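Written below as structure tokens is the structure these notes are about.
The values are calculated or read from the model by the stated rules, or taken from the named source; none is laboratory data. Here the structure is a predicted model, which is why all the values come from computation and not from measurement. So basically every Cβ, Gly included, is an ideal-geometry build from the backbone, and we count neighbours across all protein chains shown.
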Protein chains: 2
Amino acid sequence: MISVVILGAGNVATHLYKAFCKIDEVSVTQWYNRSLDAIRTFKNDVSITDDLAQLNEADVYILAVSDDAIKMLSTQLPFENRLVVHTSGAASLYDIDKKHKRGVFYPLQTFSKAAEIDFANVPICIEALESTDYHVLKKMAKALGSPTKKVNTDQRKVLHLAAVFVNNFTNQLYRVAHEITESEGAEFDLLKPLILETAKKVQNVSPYMAQTGPAKRNDKKTLRKHLKLIKNKHHTDIYNLLTTSIQQTHGRKKL
Amino acid sequence: MISVVILGAGNVATHLYKAFCKIDEVSVTQWYNRSLDAIRTFKNDVSITDDLAQLNEADVYILAVSDDAIKMLSTQLPFENRLVVHTSGAASLYDIDKKHKRGVFYPLQTFSKAAEIDFANVPICIEALESTDYHVLKKMAKALGSPTKKVNTDQRKVLHLAAVFVNNFTNQLYRVAHEITESEGAEFDLLKPLILETAKKVQNVSPYMAQTGPAKRNDKKTLRKHLKLIKNKHHTDIYNLLTTSIQQTHGRKKL
């Protein structure tokens, strides 16, 4: 049994807490947040506190807080030589005060308040300075049913950057499609099966192999028709840049 | 029973043929292609021909050919006043010769040779000049189990444009993420659950509401860190443009 104290009350903290509650191998013995309001609803299920001096002894302390808060919070912890990890994709392992055994437990997924998440679909990227610590973190992730991956700092940071492309930027393309369809009274909903199929395709085929469409075919007539249809300068910029990007990838000439 | 002749041998033609074979309400009585080689494998299941003069009489002729071929092929058809439709998102209904009853039967989905497709996930956008023709096309789509939508030409063209954003451009973002991760020896595979979750999220929530991340939060520190990590000028351009796009959507200042 691995005993865990969670610090923070955001989406990652809350989803981790709920997931740990469902399994036997990990026990959340305490939940800290600087304001109790955010976690008071759990007070009958777990010991909650807003006082760092009251923290229990535990095998792992998970700092699920904003990147900027990691350094200060880890310094303020009133103990040393225990395993303290953060959950950030972008923050350095060395942001954690050196008095601790340090690690990173980065769940590579998008968490929202509303949606339930199955940790089988949350790869956990693990970083640790000591092999024994790595194995504790790996055991913890495996208990959640998550795929795990040992990464170094550079790899983790690059995964976090790539996640912005496939999550935030992709979602913004959905948003642009929403604007474009609504502007003509067409239904964005009609695109939803295509959105899903596009994501499913690259589960088995590389994005390179999965590419289709007028940019890849260098179908100049359709490209021109599309550019004529777009009424928003900003959408035109995105259309041109991503068309060029596809053509560079697939060895076509520029527009 | 609706009798159908399919013309063309690309992905749309082939997937439509296979889907029609599975249902009772539609019968493909003939398959035409200018070269028999592409459809010869089906010769024991359906009458195949490369001779337009040999075309059977049928309720619907489906021109599942490239946009550029629609006009010429429809002109060459040796009959008139029968229902002839194309399957293109971008071509005009009026590309079909006016001697025919004209319509569009546009399946809004990505088709690939390898992947099986469930037509329940293929919205069919229908356009027709006559109400009776519209109802034949709708019946045909319903028989496939597809959602259907009556659209006008402007709506169809705008859906085709939006499809490029959510399919080709999104896939290119996956490709860029692939390049970024591989360049540091990180595994693109770790991003696959996130790719799927991002697509699932907007099935129920608008892309506007689904947005998260450093651009939306205007987290300048992370934005700077990311830009420092990117080694490819082209990836930098995409990062900057889509970050700006998110910030415009969510009322943040430019970078």
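Considering each residue of the stretch A:105-119, count those that are more than 10 Å from every other protein chain (Cβ to nearest Cβ) and over 22 Å from A:Val85 (Cβ atoms), and give that number.
Looking only at that region, the number is 2.
Need a quick list: helices (runs of 4 or more DSSP H) entirely within the stretch A:146-224 having at least 1 residues that are more than 7 Å from chain B (Cβ to nearest Cβ) and more than 21 Å from B:Thr181 (Cα to Cα).
A:170-183, A:214-217
Given the criterion of a type in the set (S, T, N, Q) and at pLDDT 95 or above, identify the matching residue among A:Thr236, A:Thr212.
Step by step, each of A:Thr236, A:Thr212 is checked, and only A:Thr236 is of a type in the set (S, T, N, Q) and at pLDDT 95 or above.
Considering (1) of a type outside the set (Lys, Arg); (2) over 23 Å from A:Val12 (Cα atoms); (3) in contact (Cβ under 8 Å) with a residue 12 or more places away in the chain, say which one B:His234 fails and leave the rest.
Failed condition: (3).
Is it the case that A:Gln247 is in contact with a helix residue (DSSP H, G or I) (Cβ under 7 Å, 6 or more places away or on another chain) and either of a type in the set (A, V, I, L, M, F, W, C) or closer than 28 Å to B:Glu184 by Cβ (or both)? Outline the logic, then answer.
Details: in contact with a helix residue (DSSP H, G or I) (Cβ under 7 Å, 6 or more places away or on another chain): yes; either of a type in the set (A, V, I, L, M, F, W, C) or closer than 28 Å to B:Glu184 by Cβ (or both): yes.
The answer is yes for A:Gln247.
Considering the stretch A:1-35 alone, what residues qualify as being in a loop (DSSP other than H, G, I, E, B) and of a type outside the set (Asp, Glu)?
A:Met1, A:Gly8, A:Ala9, A:Gly10, A:Lys22, A:Ile23, A:Asn33, A:Arg34, A:Ser35
Pull up the stretch B:234-255, narrow it to residues that are farther than 16 Å from A:Leu241 by Cβ and surrounded by 15 or more Cβ atoms within 10 Å (Cβ to Cβ), then point me to the one that is nearest to the other protein chains (Cβ to nearest Cβ).
Result: B:Thr249.
Whether any residue in the stretch B:63-82 is modelled with pLDDT of 95 or more and under 17 Å from B:Ala141 (Cβ atoms) is what I want to check.
Yes, because at least one residue in the stretch B:63-82 is modelled with pLDDT of 95 or more and under 17 Å from B:Ala141 (Cβ atoms).
Counting only residues that are in contact (Cβ under 8 Å) with a residue 40 or more places away in the chain and more than 23 Å from A:Leu242 (Cα to Cα), how many does the stretch B:152-170 have?
Qualifying residue count, the stretch B:152-170: 1.
In this structure, is A:Ser183 touching a strand residue (DSSP E or B) at 6+ places or on another chain (Cβ under 7 Å) and either modelled with pLDDT under 95 or not aliphatic (A, V, I, L, M) (or both)?
Criteria not met by A:Ser183.
Within the stretch A:8-46, which residues are surrounded by 14 or more Cβ atoms within 10 Å (Cβ to Cβ) and charged (D, E, K, R)?
Residues satisfying the conditions are A:Lys18, A:Arg34.
For the stretch A:47-58, give me each residue that is surrounded by fewer than 18 Cβ atoms within 10 Å (Cβ to Cβ) and part of a loop (DSSP other than H, G, I, E, B).
A:Ser47, A:Asp50, A:Asp51, A:Asn56, A:Glu57
Could you go through the stretch B:122-130 and let me know if any residue there is in the same structural domain as B:Glu25 (by TED's automatic domain parsing), over 30 Å from B:Leu227 (Cα atoms) and out of contact with any strand residue (DSSP E or B) (no Cβ under 7 Å at 6 or more places or on another chain).
We begin by selecting, within the stretch B:122-130, every residue in the same structural domain as B:Glu25 (by TED's automatic domain parsing); these are B:122-130.
Now drop any that are not over 30 Å from B:Leu227 (Cα atoms), which leaves B:122-130.
Subsequent filtering for residues that are out of contact with any strand residue (DSSP E or B) (no Cβ under 7 Å at 6 or more places or on another chain) retains none.
So far as the stretch B:122-130 goes, no, none of its residues is in the same structural domain as B:Glu25 (by TED's automatic domain parsing), over 30 Å from B:Leu227 (Cα atoms) and out of contact with any strand residue (DSSP E or B) (no Cβ under 7 Å at 6 or more places or on another chain).
Checking A:Lys231 against (1) farther than 26 Å from B:Asn232 by Cα; (2) part of a loop (DSSP other than H, G, I, E, B); (3) at the interface with chain B (Cβ under 7 Å from one of its Cβ atoms), which test does it fail?
Result: A:Lys231 passes all but (3).
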